């Protein structure tokens, strides 16, 4: 709540430097803020008397937005990357996909490993589970977020980096 929208008879006023001005009547507090060319903002309404701060609202919003952006700067968005295997994959391709999976995990991404089964391969579900478990075991510093399970004809496991 800002300026005239603030309800109450008297307020504890804090100036823009954070120093306490004192307990002032509503009209005095509004006049004090107007003389300084800034706004009164209700900070703590639940206490008696309510605390208001004399600040430039636009400058305050700008600084708050800037602080939020600074906080987001260090955060990296994690994505889910997909790795697709096949039941009869060659050793070289398997090694290449292991390296790519490790790279994704090292970058902080989640990795979804998919192994789709087609036609006669559907009868070899045990072989698919063994291949996926061996693939996961061969990757260093990995934690299984979602155990291998079938979703339709596709065996899926989700991996994350060990903390």
- Message: Quick check of the Kirkwood formula: for the range 116-163, what is the inverse mean of 1/r over all pairs of different Cα atoms, in Å?
- Response: 11.4
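I want the antiparallel fraction of DSSP beta bridges within the chain, as a percent rounded to 5. Walk me through the numbers on the way to the answer.
Values: 24 of 32 bridges.
Close to 75 percent.
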- Query: Do you know the relative contact order of the range 3-73, to the nearest whole percent, from alpha carbon pairs under 8 angstrom that are 6+ apart?
  - Reply: 30
- Helix 26-36 versus the longest principal axis of the chain: what is the Cα-based angle in degrees, 0 to 90, to the nearest 10? 80
- Nitroxide proxy distance, nm - points 7 Å out along Cα→Cβ at residue 153 and residue 138: 2.5
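Fewest to most neighbouring Cβ within 10 Å: what's the order for 81, 72, 53?
Listing 81, 72, 53 from fewest to most nearby Cβ atoms yields 72, 81, 53.
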- How much FRET efficiency would the formula 1/(1 + (r/R0)^6) give for residue 64 and residue 103, where r is the Cβ-Cβ distance and R0 is 35 Å, rounded to 0.05? 0.40
- Before anything else, pin down the relative contact order of the chain: Cα pairs under 8 Å, at least 6 apart, normalised by residue count, whole percent. 16
- Message: Given a Förster distance of 41 Å, report the FRET efficiency between residue 10 and residue 78 from their Cβ-Cβ distance, rounded to the nearest 0.05.
- Response: 0.25
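Got a sec? How would 130, 39 order by Cβ neighbour count within 10 Å, fewest to most?
Ordered by Cβ neighbours within 10 Å, fewest first: 130, 39.
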- Message: Using all alpha carbons of the chain, what is the percent of pairwise distances in each 10 Å bin, ordered from the shortest bin to the longest?
- Response: 9, 26, 14, 7, 9, 14, 14, 7, 1
- Task: Using only the alpha carbons of the range 80-161, determine the length spanned along each of the three principal axes and report them from longest to shortest in whole angstroms.
- Result: 37, 26, 17
- Query: What per residue convex hull volume, in Å³, comes out for the range 3-73 when only alpha-carbon positions are used?
  - Reply: 96
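All of the numbers you see were taken from the coordinates with simple rules; none came from a lab. No experiment lies behind these values; they were computed from the predicted model shown. Cβ atoms come from the backbone with ideal geometry, glycine included; neighbour counts cover every protein chain shown.
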